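Notes follow the structure.
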Amino acid sequence: GAFVTVCRTPRVLWWVQGGLDGLVIAAGEDGTVLRYRDDGSGTCDVTYVDGDWPTGRPTLWGLFGTGANDVRFVGGSVAADGPKGVLLHWDGTPYTRELVPTESATANLFKIARANDGLFVVGDAGTILQRRDGASDWERLPPPPLGIDSTLFTVSCSVEPRCVAVGGRSAGTMVFRDGD
């Protein structure tokens, strides 16, 4: 079929996921979260993350959800004084900011994905965060030796639990994670 426009917002959107209890959720600049009900009703709600953001709301570059009320968002800001290390959880109530390891608090976080044993986040400076199933805290994994091309923009995981992350600034880089 043809692509048709179902929702609009004045802010740029950076990531999207469907199949969340009949919702399609997208996120982007200025803490924008768009929820589209994929049931033919055409219902489209645009909201913004709540919380205290003294230097401006973050750009949400990535999201991953297991249901309409279990979605995590990752982000930061290109502004030097903007928010960094942003990892938010939505459970149907106000957004909860999850603590990231101290050494990741100044990094922009770009994408989040799930393997069968937990969640993975990638970002600036070779940042790779992991939260194993059943754990309450995020841990920073040792960054791969990437040199000046240390930004990881995207991560994709499968159930094996293989994860692949890609990025770079002046040249492309791909890193793998197989098993533990």
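Values in this text are rule-based calculations from the coordinates and carry no lab data. All of these numbers come straight from a predicted model, not from anything done at the bench. Quick reminder, even Gly has a Cβ in these numbers, built from the backbone with ideal geometry, and neighbours come from all protein chains shown.
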Can you give the alpha-carbon Rg of region 38-146 over 2.2 N^0.38 Å, where N counts its residues?
-> 1.11
Sorted peptide list for 78-89, 48-59, 111-122, criterion being average Cβ within 10 angstrom, highest first = 111-122, 78-89, 48-59
Where q = 0.27 Å⁻¹, what log10 of I(q)/I(0) comes from the Debye formula for region 105-180, counting one point per Cα?
-> -1.33
What ranking, highest mean first, results for peptides 25-36, 147-158 when packing means the other Cβ atoms within 10 Å averaged over each residue?
-> 25-36, 147-158
Show me 3-13, 167-177 ranked by packing, highest mean number of other Cβ atoms within 10 Å first.
-> 167-177, 3-13
Against the rule of thumb 2.2 N^0.38 Å, how large the Cα Rg of region 1-100 comes out | 1.07
Of 158, 65, 119, which is farthest on the positive side of the dipole of region 25-173, counting Cα position, with +1 on Lys and Arg Cβ, -1 on Asp and Glu Cβ, and the Cα centre as origin?
-> 158
Per residue, what volume in Å³ does the convex hull of the Cα atoms of region 1-46 enclose?
-> 84 Å³
